[in-house]
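The values are calculated or read from the model by the stated rules, or taken from the named source; none is laboratory data. Not measured: the values here are computed from a predicted model. All Cβ positions, glycine included, derive from the backbone under ideal geometry; neighbour counts span all protein chains shown.
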Amino acid sequence: MDVDSTLITAEVIELLAEHAGTRAEVAAVTERAMRGELDFAASLRERVATLAGLDVAVVEAVRAAVELSAGARELVDAVHAGGGKVGVVSGGFAEIVTPLAASLGIDHVVANTLETADGRLTGRTTGPVVDRAAKEAHLRAWAAADGVPLERVVAVGDGANDLDMIRAAGLGVAFCAKPVVQEQADAAVGFPRLDAVLGLLGR
């Protein structure tokens with residue numbers, strides 16, 4: 001499952017950018033990337049660069065401000081109650097995603113990592129970028145590790161960088177998604193309640 005605008009209501013990079021005074025600029029790039037008009041990795045570098053110099057305390061402030069999408073906890077709990085596993089793979093940031101996932105008992109987590117130096121963000125990430133190809137690769141790896149055939153895997157996302165994992169899964173769900181995602185997903189949820197995905201299981 002995707003995180004920004006799926007598991008949570010906002011785009012974390014835009015919340016960070018607000019502290020840097022670059023939210024409008026970053027939001028415009030995010031929108032184009034999610035519509036599939038820009039390469040995700042290049043757009044991520046461009047957006048993260050605007051965060052250079054921010055105190056790392058801002059990350060904690062943003063973490064505290066993040067809100068789960070309605071029905072997120074109910075979805076995770078229901079999947080676990082049915083014996084399933086939940087993974088989140090995010091083009092956002094581990095500093096926000098990892099503790100959030102831990103609070104929900106999510107089984108698998110991967111996200112980008114913000115580089116810091118002397119208590120400030122450098123405007124770069126470290127390690128491989130979690131882009132659309134990486135999202136699919138992690139979905140496949142987690143399914144294999146858990147012994148779940150791909151036809152029984154459900155992928156949920158909203159943006160173009162989710163398309164590869166949505167196509168790879170047995171059921172790909174567009175959640176309040178961009179048109180390019182709605183066109184290619186197997187099913188869509190058009191209102192912001194994540195537990196509506198439960199009604200699609202078993203299709």
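Within the span defined as the range 96-114, one or more residues are over 28 Å from residue 81 (Cα atoms), surrounded by 14 or more Cβ atoms within 10 Å (Cβ to Cβ), under 18 Å from the mean Cα position of the chain (by Cα) and in contact (Cβ under 8 Å) with a residue 40 or more places away in the chain. The condition of being of a type in the set (S, T, N, Q), out of contact with any Ser or Thr (no Cβ under 8 Å at 6 or more places or on another chain), more than 16 Å from residue 4 (Cα to Cα) and modelled with pLDDT of 95 or more holds for residue 103. Of the residues 55, 39, the single one that is closer than 24 Å to residue 126 by Cα and in contact with a Gly (Cβ under 7 Å, 6 or more places away or on another chain) is 55.
Report every pair of residues separated by at least 6 positions or lying on different chains whose Cβ atoms are under 8 Å apart, first residue within the range 176-203 and in contact (Cβ under 8 Å) with a residue 40 or more places away in the chain, second basic (Lys, Arg) and assigned to a loop (DSSP other than H, G, I, E, B). Note: pairs meeting the criteria are 178/35; 179/35; 180/35. Note on the range 1-53: residues that are touching a Pro at 6+ places or on another chain (Cβ under 9 Å) and either exposed (fewer than 15 other Cβ atoms within 10 Å of the Cβ) or without any contact (Cβ under 8 Å) to a residue 40 or more places away in the chain (or both) amount to 1. For the range 161-203, filtered to residues that are β-branched (Val, Ile, Thr) and closer than 16 Å to residue 3 by Cα, the residue that is surrounded by the most Cβ atoms within 10 Å (Cβ to Cβ) is 166. Can you find a residue in the range 63-85 that is farther than 24 Å from residue 139 by Cβ, surrounded by 16 or more Cβ atoms within 10 Å (Cβ to Cβ), touching a helix residue (DSSP H, G or I) at 6+ places or on another chain (Cβ under 9 Å) and in contact (Cβ under 8 Å) with a residue 12 or more places away in the chain? Taking every residue of the range 63-85 in turn, at least one turns out to be farther than 24 Å from residue 139 by Cβ, surrounded by 16 or more Cβ atoms within 10 Å (Cβ to Cβ), touching a helix residue (DSSP H, G or I) at 6+ places or on another chain (Cβ under 9 Å) and in contact (Cβ under 8 Å) with a residue 12 or more places away in the chain.
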